[in-house]
Amino acid sequence: MVRTGRPDIRLTVVGGAGFAPNAPLTPYEKSLRRVAAPAEDRIRFVPFTARADVPRRLGAADVTVVPSTWPDPCPLTVLEGAASGAAVVASRIGGIPEIAGPAPGATLVRPGDVDELAGVLRGFAESPAALSRAQAAAAAYAQSHEASWDLALATLQGALDG
């Protein structure tokens, strides 16, 4: 059940199983929409976002949430959210801890732990100062040398050169 007691909080769920704007919804996506229905216009679903629109979408967010349960080896959404100035909350799985960098670049939660994820988000909703600190830390990390494409290229080149 979706709690609707905070009308000032809005959620945009971006992405889906299909990589096209007209891809059919999966049974899971349909169930999410049914659960979200009581929240009316506070939860919006965008099943597909063209690559060119990603910066605009992420730039409008206060928080980018990457609640992965699959061990994605290179989840760029984590860095894209940080580079857009959003606080980042992501699962501690796959390549996310490496991409997210050292704390406070992102807040990492156990994959599938809904209560832990909700607690972090609740903390941001209840403390604008904590949200602001997390946004600044994520943006600083994304702009740092640690997260640069130059460093990634140099690391890859070094590995290839052996």
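With helices as the sole contributors, the chain gives -13000 deg cm²/dmol at 222 nm; each DSSP H run of n ≥ 4 counts as -39500 (n - 2.57), and the sum is divided by every residue.
Taking a ≥ b ≥ c as the square roots of the eigenvalues of the Cα gyration tensor of the stretch 64-156, is the shape rounded (a/c under 1.5), prolate (a/b larger than b/c) or oblate? Here the stretch 64-156 falls in the oblate category.
Pairs of Cα atoms under 8 Å, at least six residues apart: use those to get the relative contact order of the chain, whole percent.
Numbers: 223 pairs, mean separation 28.8, N = 162.
Normalised by residue count, the contact order of the chain is 18 percent.
Cα convex hull, the chain: 131 Å³ per residue, rounded to a whole number. For the stretch 64-156, averaging the sequence separation of C-alpha pairs within contact (under 8 Å, six or more residues apart) and dividing by the residue count gives a relative contact order of 30 percent. Put simply, the amide H of residue 43, placed in the peptide plane, has neighbours under 5 Å in 11, leaving out anything fewer than 5 places away on its chain. Each Lys and Arg adds +1 at its Cβ and each Asp and Glu adds -1 at its Cβ; summed about the Cα centre, the chain shows a dipole of about 640 debye. Computing FRET efficiency as 1/(1 + (r/R0)^6) for residue 144 and residue 26, where r is the C-beta to C-beta distance and R0 is 45 Å, gives about 0.75. Between residue 10 and residue 41, what is the label-point separation in nm under the 7 Å Cα-to-beta-carbon projection? Simple spin-label model gives 0.9 nm for this pair. Derived scalar couplings between HN and Hα for the stretch 82-96 equal 4, 5, 7, x, 8, 5, 10, 10, 9, 6, 8, 7, x, x, 4 Hz in order, rounded to whole Hz, by the Karplus curve 6.51 cos²θ - 1.76 cosθ + 1.60 (θ = phi - 60°), x for Gly and Pro. The residue 127 and residue 34 beta-carbon pair, evaluated with R₀ = 35 Å, returns a calculated FRET efficiency of approximately 0.65.
Bear in mind these aren't lab numbers, they're just calculated from the coordinates by the rules spelled out. Only a predicted model underlies this, so the values are computations on that prediction, with no experimental measurement involved. Reconstructed Cβ throughout: ideal geometry from the backbone, glycine too, with neighbour counts over all protein chains shown.
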